[in-house]
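Novice: The structure follows.
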Amino acid sequence: MKSQYINSFYKAVMDVFKLMLDIKLEKGELRVVNDMVTGNDANVTIGITGDLSGSVLFGFPKDMNLEMVRIMSGVEMKKLDSFISSALGEMVNIISGNAVTNLSRENYKCDIVPPQIIMGQNKSISMATDKALVLPMETEIGGFEINISLKETRI
Amino acid sequence: MWKEKYKIGVELIDGQHKELFRRVLDFIKTVQAEGPWESKLSEVKETMGFMKEYVIIHFSDEEVYQREIGYPDYGKHRQIHAKFKNEVQKYAERFQQEAYNEETVQEFGGKLMAWLINHVAGEDQKIGDYQNRGGSI
C-alpha cells in the first residue's frame, strides 16, 4: 500500500477532528494485520471504489465516542445508542469524503460507499482479505484506530 | 452546541444558523432525555415539521446571498444543499412509514447534528471568507 493512501486519510482525519471537535491528533506506529477485525466498541466501515478498491475501518472506544458527541452537542451523553452511532457514522462519512478529495489530488479517482456501523469487538469485516494497515491515533480524549485495506484497480 | 467560531459574519445567515443549532439542540435534549418514547412524540413531530421547512428557507436564503455576492462556488454549495434536503425528505418519509420509530429518529438526530456542524464550520465559512476578502478568490 502506498503512502499516498495513508496520508490522504491521515490528513482528512486531522482536518475533520480540528474542524468539528477542536482536537489535535498524534500518529502512532503503523502496523500490518492479516484480518480486519473490529477492535473497539464503536466501529464504522467505509467501502472505497474506483481507482482504489477496498475498505477502511474506524474503531473508537465507547468513552471516546461519547466524549466526541458531547463536544459537538454540548450535552452529556451516557450510552452508545443510535444517536451516538449515527453521529459517528456521519463524521466518518465526512472524513472519508475528504480523504477521497485528497486522493483525487494524487490522481486517484474514487468514490465512497455509505458507512456501516458495527457495535462491538472482534467482528470480522473483510472479505477474502488482503492485509490491512493499522494507523493508531492518540488524542486528549482517547485513542482510536484506522484500518486501511486498499489496492489499485488500474492496470 | 452553537460556538462563536461558526459565525460567518453575515447577520441574516448567522441568525438562521443560530436558530437551526438551537432547534437541533432542543431536539437532541428531547430524544436523549429519560422517559417513555411516546411522551416525546409530539415534540419530535413538531421539530421534524420545523426542520423540513426551515432547512429549505435557510438554504434558499443562503443561496440567494451567494448569488448576490457572486460567490464562485455557488454551484457546488447548492448541490451540497440539494443532497442534504433530499436526505431530510427521505427521513421524513421513513418517519411516516415507521410511525416515528425511536431508532430511526435517533439516527436522524445524530446525522443532522454532525452534518450541520461540519457544513457550517467548514463549507459555509468559505462564503464569509470570500466576502471579507472583498469578493475575490
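Since every read-out is calculated from the coordinates, none of them should be taken as a lab result. These numbers come from a predicted model, not from an experiment. Reconstructed Cβ throughout: ideal geometry from the backbone, glycine too, with neighbour counts over all protein chains shown.
Novice: Using a 10 Å cut-off around each Cβ of peptide A:70-82, what is the average number of partner chain Cβ atoms that fall inside?
Specialist: Mean inter-chain Cβ contacts per residue within 10 Å come to 5.
Novice: Ok, one more. Which value in Å does the Kirkwood hydrodynamic radius of the stretch B:41-137 take, with 1/r averaged over all unlike C-alpha pairs and then inverted?
Specialist: The answer is 14.7 Å.
Novice: Taking GluC sites (Glu not before Pro) as candidate sites, keep only those in a DSSP loop with at most 14 other Cβ atoms within 10 Å, then name the longest stretch of chain B containing none of them.
Specialist: Between the exposed loop sites, the longest stretch runs B:35-97.
Novice: Taking each full run of DSSP H in chain B as one helix, which ones are at least 27 Å long along their axis (Cα atoms) and have mean Kyte-Doolittle hydropathy of at least -1.0?
Specialist: B:11-32, B:41-68
Novice: Right, another one. What order do you get for B:Trp37, B:Trp115 when you list them from fewest to most C-beta neighbours inside 10 Å?
Specialist: Ordered from fewest to most neighbouring Cβ atoms within 10 Å, B:Trp37, B:Trp115 come out as B:Trp37, B:Trp115.
Novice: Still on this model: Roughly how crowded by other chains is peptide B:113-125, in terms of the mean Cβ count from those chains within 10 Å of each of its Cβ atoms?
Specialist: Whole-number average of other-chain Cβ neighbours for B:113-125 is 5.
Novice: Could I ask something else about it? Given the -39500 (n - 2.57) contribution per DSSP H run of 4+ residues, what per-residue ellipticity at 222 nm results for chain B, rounded to the nearest 500 deg cm²/dmol?
Specialist: Dividing the helical sum by the residues of chain B leaves -25000 deg cm²/dmol.
Novice: Next question, about the same structure. Among A:Asp130, B:Asp129, which comes first, second and so on when ranked by fewest other beta-carbon atoms within 10 Å?
Specialist: Taking fewest neighbouring Cβ atoms as first place, the list is B:Asp129, A:Asp130.
Novice: Below 8 Å, C-alpha to C-alpha, sequence gap of six or more: please give me the relative contact order for chain A in percent.
Specialist: Taking the mean separation of contacting Cα pairs over the length of chain A, I get 40 percent.
Novice: Going through the cross-link list A:Lys151/B:Lys5; A:Lys151/B:Lys126; A:Lys27/A:Lys62, which pairs have a Cα-Cα distance over 30 Å in this structure?
Specialist: Checking Cα-Cα distances, A:Lys151/B:Lys5; A:Lys151/B:Lys126 exceed 30 Å.
Novice: Using only the Cα atoms of chain A, construct the convex hull and provide its projected area averaged over every direction, in square nanometres to one decimal.
Specialist: Over all viewing directions, chain A projects a mean Cα-hull area of 8.5 nm².
Novice: Just checking the output field for A:86-95: average partner chain Cβ neighbours within 10 Å of each residue's Cβ?
Specialist: Per-residue shielding by partner chains comes out at 6.
Novice: Which order results if A:Asp22, A:Asp41, B:Asp73 are arranged by neighbouring Cβ count within 10 Å, fewest first?
Specialist: A:Asp22, B:Asp73, A:Asp41
Novice: Can you give me the P(r) profile for the protein assembly as shown? Cα pairs, bins 10 angstrom wide beginning at 0, each as a whole percent.
Specialist: 6, 27, 33, 25, 9, 1
Novice: Label-point separation (nm) for B:Glu93 and A:Gln4, each offset 7 Å from Cα along Cα-to-Cβ?
Specialist: 3.9 nm
Novice: Quote to one decimal, in nm, the extra length available between A:Thr101 and A:Glu138 on full extension: 0.36 nm per residue of separation minus the C-alpha distance between them.
Specialist: Length difference between fully extended and current span is 10.9 nm.
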